[in-house]
1. Given the residues Leu410, Leu399, Leu431, Leu464, which is the only one that is under 29 Å from Glu173 (Cα atoms) and modelled with pLDDT of 95 or more?
2. With respect to Val441, determine if the residue is in the same structural domain as Trp266 (by TED's automatic domain parsing) and modelled with pLDDT of 95 or more.
3. Any chance you could count how many residues in the stretch 434-464 are in contact with a Phe, Trp or Tyr (Cβ under 9 Å, 6 or more places away or on another chain) and of a type in the set (A, V, I, L, M)?
4. Could you run through the stretch 122-144 and say how many residues are out of contact with any strand residue (DSSP E or B) (no Cβ under 9 Å at 6 or more places or on another chain) and either among the small types (Gly, Ala, Ser) or farther than 23 Å from Trp266 by Cα (or both)?
5. Given the structure, is Met155 touching a Phe, Trp or Tyr at 6+ places or on another chain (Cβ under 6 Å), within 26 Å of Gly107 (Cβ to Cβ) and hydrophobic (A, V, I, L, M, F, W, C)?
6. Just for the stretch 167-185: of the residues that are of a type in the set (A, V, I, L, M, F, W, C) and in a loop (DSSP other than H, G, I, E, B), which one is surrounded by the most Cβ atoms within 10 Å (Cβ to Cβ)?
7. Within the bounds of the stretch 368-383, is there any residue that is surrounded by 15 or more Cβ atoms within 10 Å (Cβ to Cβ), without any contact (Cβ under 8 Å) to a residue 12 or more places away in the chain and not aliphatic (A, V, I, L, M)?
8. So which residues in the stretch 441-490 are touching an Asp or Glu at 6+ places or on another chain (Cβ under 6 Å) and surrounded by 19 or more Cβ atoms within 10 Å (Cβ to Cβ), if there are any at all?
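The values are calculated or read from the model by the stated rules, or taken from the named source; none is laboratory data. Worth saying up front: this structure is predicted, and the values here are computed from it rather than measured. Counting neighbours? That spans all protein chains shown, and the Cβs are built from the backbone with ideal geometry, glycine included.
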Amino acid sequence: MSVHNVIAIDLGASSGRLMHIGQQGSQMKMNEIYRFSNEGIRVGGRTYTDIFHIYHEILQGLKKAVHEMGVIDGIGIDTWGHDFAILDREGELMRIPYQYRDSQSQGMIDEADCIFGKKRLFELTGSKDFWCNTIYQILGIRKRNGSILDEGTDMLMIPDFIVYLLTGTKTGESTSASLTQMYDVSKNKWSGEILEKIGMQKEMMPKILPHGAVKGFLSEDILAAIGAPKDRKIPVINIAEHDTAAAAYAAPTDSEQYVFISSGTWSIIGTILPQPVISDVVYEGGFSNEGAAYGKIKLTQTIMGMWFVQELRKVWERKELNTDYDYLIAEAEASVPFCRFIDVEDDLFRSPYDMESAINSYLSKTGQPIAKTQGEFYRTVMESLAYAYRHSIDRLAELTGYDPEAVYFLGGAARDTMFCQFIADATGRKLVAGPVEATAVGNALMQIESFADCEEEEIRGLRLNAEVTCYQPRNSAIWQENYKRFYDVTASGKVG
């Protein structure tokens, strides 16, 4: 029976944590070793990823892990997508990486259309035109300060840059690369045509390693910094580095194809396929072919997610109001249902200072009553998200011909029992909620699977033994009745 202890370093857009996952046979135990905040910092009108803060906090977490665990068999790193670092010929970071919410990508989809023609990027990569894709950040940088790119010798996505800081090796990974809209998911390689037209040298792009490969070993300096013996060999494993791909791999199912919702700052609704689907229907529907574990594809739609709640809680904290989730859920349950709907993709919600004001602006624009209480705001967001999920799942069924009986709801929002029931009711499908720590679980599963002494049945047991809660549709009739209202209101909001 295999016994392993690994560290999953999971970096989201608002926080990071190090999870210890212990595996013995088909049983898995996990505990959080270290958690830290991770938000973009705004300096001089630009928004950056505070990469050295993240690096410092990772070292603190690894130091604690060495103290508590002793032996670490592997480390995997997953992060949010799109952001990157540029290195110079000395291997040093040229500039602090920009964060994807920086304004320099604004208007760059139109710029790309002028360079490539409408839809050409989708044809080359399978990826949708999403405002924060890496390519639009690069076009924004080139327009504003192209020397950053011209003088650079290496481009590494954020998880690969962190691996470089820990090991000294420069490598790439497919799920993270697929978020750039510069990577051809059909051919599993960087697109030469795209790189040439945006002025990026092919030599700048890292070699993509297969999943399960060793990216490198912690350097002697890092071993010393975290208190590990200098002769210890601690590998960093090439797992699915985009956090959604890691989460999707943790879905507790034996099926080769399944529909999942990964709920974090963003909500990603998708299904797993053996190959990309590159068609006019996929393009017009706003879907994207992204990398999944072991060379498979996630056909996904990305919409706003817990970003609404995160930003509302910031507003309420400034007002010194109660932001405890149990309180917010209770207040929402006490609010009148189906009074207000929002289009969760409206530009008003992209990066507002005050999410309350943004929501009420949308409600006023669409002739709906404004929200006044915390419960009304929370219920409005959760009902609207549930309906948005239903719309995406229905469209996925039309595109693929696969109409699932169950949907796998992955991530921290699976703790919200009210929201889970909303999703089951809105979609009319069984909802399997969990694992809550899906991203860390998927990260760890891929590490454990890479070890030579791990049996396939052990991985199957680890996945299927995950702690989940199932929800059956209970009020589908009234949710169906109000779906048309939601659709009409949000469609009118797009016009206004």
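1. Leu410
2. So Val441 fails the test.
3. 4
4. Residues in the stretch 122-144 being out of contact with any strand residue (DSSP E or B) (no Cβ under 9 Å at 6 or more places or on another chain) and either among the small types (Gly, Ala, Ser) or farther than 23 Å from Trp266 by Cα (or both): 5 in total.
5. yes
6. Taking the candidates together, the pick is Leu179.
7. Within the stretch 368-383, none of the residues are surrounded by 15 or more Cβ atoms within 10 Å (Cβ to Cβ), without any contact (Cβ under 8 Å) to a residue 12 or more places away in the chain and not aliphatic (A, V, I, L, M).
8. Passing the criteria: Asn443, Trp479, Thr490.
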